[in-house]
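The values are calculated or read from the model by the stated rules, or taken from the named source; none is laboratory data. What you see is a predicted model, and the numbers here were worked out from it, not measured in a lab. Here the Cβ positions follow ideal geometry from the backbone for every residue, glycine too, while neighbour counts run over all protein chains shown. Remember, those area values only see protein heavy atoms, side chains included, never the ligands or the DNA or RNA. Shrake-Rupley method; radii C 1.70, N 1.55, O 1.52, S 1.80 Å.
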Amino acid sequence: MRKADIVSAGVVAVFGLFVLLVVIPVWVPGHLEGGGYGLRAQDFPLFTAISFSLFAAGLFAYRVFFTKPDEADETPIPPKSWRFLAIAGGVLAAITVLLDTVGFLAGGPVAIGAFMVMMGERRPLPVVSLSLAAPLAVWLFFWKFLEFPLP
């Protein structure tokens with residue numbers, strides 16, 4: 001685990017610096033539009049990127065300087081879990097495309113049903129009923145009650 005912590009903390013720290021030095025200055029506006037009160041648009045992203053970078057650097061320093069190398073430094077995530085993550089990422093990408101093309105009411109039940117099956121639910125009645133009821137309830141609450149349009 002020590003080696004995995006060092007590598008992952010280094011990657012997160014470098015990514016945090018990239019976000020701080022490149023992404024936020026280029027993509028996040030730094031001015032307040034109209035009124036001149038409140039936080040700037042980039043304040044929360046800056047806080048988040050700085051926090052992540054500092055925590056990652058702290059983990060990196062701790063694992064490098066204050067812990068001994070593990071005798072059996074094994075992989076923290078087994079191959080079966082990597083396969084699940086790859087499949088879940090693919091399903092999530094497909095669901096994103098589906099929601100963009102057919103909308104929330106048609107794509108929502110597919111999304112909920114797919115993730116319920118991926119998480120181990122095999123009984124058809126709960127999968128179908130929850131897959132249909134949850135998006136409908138969300139749609140009714142946001143669209144009809146709050147009058148906030150969903151895609």
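Things to note:
- Average accessible surface area per residue within the chain, 1.4 Å rolling probe, Å²: 74 Å²
- The portion of the accessible surface of the chain made up by carbon and sulfur, rounded to a whole percent, is 75 (1.4 Å probe; DNA, RNA and ligands excluded).
- Sites Gln42 and Val117, calculated FRET efficiency, Cβ-Cβ separation with R0 30 Å, nearest 0.05: 0.15
- Annotation note: chymotrypsin sites (Phe, Trp or Tyr not before Pro) in segment 50-119 located in DSSP loop regions with a Cβ neighbour count of at most 11 within 10 Å are Phe66.
- Total formal charge among the other residues, if their Cβ is under 13 angstrom from that of Phe55, Lys/Arg +1 and Asp/Glu -1: 0
- Derived scalar couplings ³J(HN,Hα) [segment 53-66; Karplus, 6.51 cos²θ - 1.76 cosθ + 1.60; whole Hz; x for Gly, Pro]: 5, 5, 5, 5, 5, x, 4, 4, 5, 4, 5, 6, 9, 10
- Environment charge at Gly113 (Cβ cut-off 15 Å; Lys +1, Arg +1, Asp -1, Glu -1): +1
- Set of lysines with alpha-carbon distance to Lys3 below 21 Å, sequence-local pairs under 8 removed: Lys68, Lys80
- Spin-label pair Thr96/Leu150, simplified geometry with 7 Å Cα→Cβ offset, distance in nm: 2.0 nm
- Averaging the sequence gap over all C-alpha pairs within less than 8 Å and six or more residues apart, then dividing by the number of residues, gives the chain a relative contact order of 22 percent.
- Segment Val26..Phe65, full-extension length gain: 10.5 nm, with 0.36 nm per residue of separation and the alpha-carbon distance subtracted.
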